[in-house]
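Single-structure report; data block below.
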Amino acid sequence: MLFSLWVKFKKIFRGLGRHSKLMAVLFSFCLLIYPHIVYGASVVDLIKRGVGTFILIVVGFAVGVINAAIGQLLILVVNVLTQVANYSHIADAKIIDTGWPIIRDLCNMFFILGLLIIAFATILQIESYNAKRLLPKLFLAAVLINFSRLIAKIIVDFAQTIMDIFVNGFAANGGAAIVSILTFKEMTMFDAITAPLTENATWQTTASIILSSIALIVTFVVMIVITLILVARIVFLWFYIILSPFAFLAAVFPASRGYAAQWWSGFIKQATIGPLLAFFIWLVLSTAGQSILDMQTINPLSSSEVVPPSGMISFF
């Protein structure tokens, strides 16, 4: 009799051993829903909360690993962005020292050709190339050609000075500040798992965690794009400064004034895009950071409260 009972128990434990993984999951699930039993919840509510809390733990761990990796990369990208944005020797680059004198000398040679064009146009009585109209402009262009680099440098340095004001506002801890804003504790709170969270609060927290990770990835991509734009801006400004003598010479003759207008349009665009980007980065960081501080002041959290991702929304 006793021997037969022993055999039966032995078979039962052997069967449980073959399903050890399933038993471990069930045991963990029971631990998750145990805190809610004290509060007299129904079986259905217990299952819902247990599943939600289990998903919250898994998602929180996975997102935490992803956020940690992307956060470090984001800090690196923002540091590179800051270095590029703080580059203030655009007009003093060696490529300009080599290229600009060649273009200047070519334009000075075209000054003689311009005089001949005006002379023949006057003889042929072409009104648009009348000597009285073009000669003052040509002589003025002859002077400005030799100062074209200085004029372009003044414009670029002025834009860079404005840009530095905003860059210095977020340069100290820009990357860390962005990561902190997008993944602040109240947005990704899942440390008080054993607290009796409601079903809505559990899923709300899970959604907040996922959204914070998505926001971090999007911000990482955006910062890379902004960095590439600023690098391209420097290269474009180099070539615009090198070609600046042509812009002043082309403004003299009616047939080439369109090219001069294109040069000025592109040059001003590249000079001003840097300060604009720096301003909006500074504005977003300041606004989002202040929004989070206000939220923490107005609605301090207890261990069982969950906050929707409003700080992250204000970031965008």
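The values are calculated or read from the model by the stated rules, or taken from the named source; none is laboratory data. Nothing here was measured: the structure is a model prediction, and the numbers come from that model. Cβ: placed from backbone, ideal geometry, glycine included. Neighbour counts: every protein chain shown.
If you go through segment 236-269 and pick out every residue that is farther than 20 Å from V143 by Cα and charged (D, E, K, R), you end up with 1.
For segment 108-146, residues that are at pLDDT 90 or above and touching a Leu at 6+ places or on another chain (Cβ under 7 Å) total 1. Condition (residue is surrounded by 14 or more Cβ atoms within 10 Å (Cβ to Cβ) and touching a Cys at 6+ places or on another chain (Cβ under 7 Å)) applied to segment 246-261: is it met by at least one residue? Yes, segment 246-261 contains a residue that is surrounded by 14 or more Cβ atoms within 10 Å (Cβ to Cβ) and touching a Cys at 6+ places or on another chain (Cβ under 7 Å). Taking the stated definitions as given, is F253 at pLDDT 90 or above, over 24 Å from the mean Cα position of the chain (by Cα) and either of a type in the set (G, A, S) or farther than 30 Å from G64 by Cα (or both)? Criteria not met by F253. Assess whether I75 counts as being surrounded by 14 or more Cβ atoms within 10 Å (Cβ to Cβ), in the same structural domain as L211 (by TED's automatic domain parsing), at pLDDT 80 or above and closer than 22 Å to V235 by Cα. For I75, the condition - surrounded by 14 or more Cβ atoms within 10 Å (Cβ to Cβ), in the same structural domain as L211 (by TED's automatic domain parsing), at pLDDT 80 or above and closer than 22 Å to V235 by Cα - is not met. Going through (1) at pLDDT 80 or above; (2) more than 30 Å from A171 (Cα to Cα) one by one, S88 falls short only on (2).
Only one entry in L230, L216 is surrounded by 17 or more Cβ atoms within 10 Å (Cβ to Cβ), in a helix (DSSP H, G or I), at pLDDT 85 or above and in the same structural domain as R149 (by TED's automatic domain parsing), namely L230.
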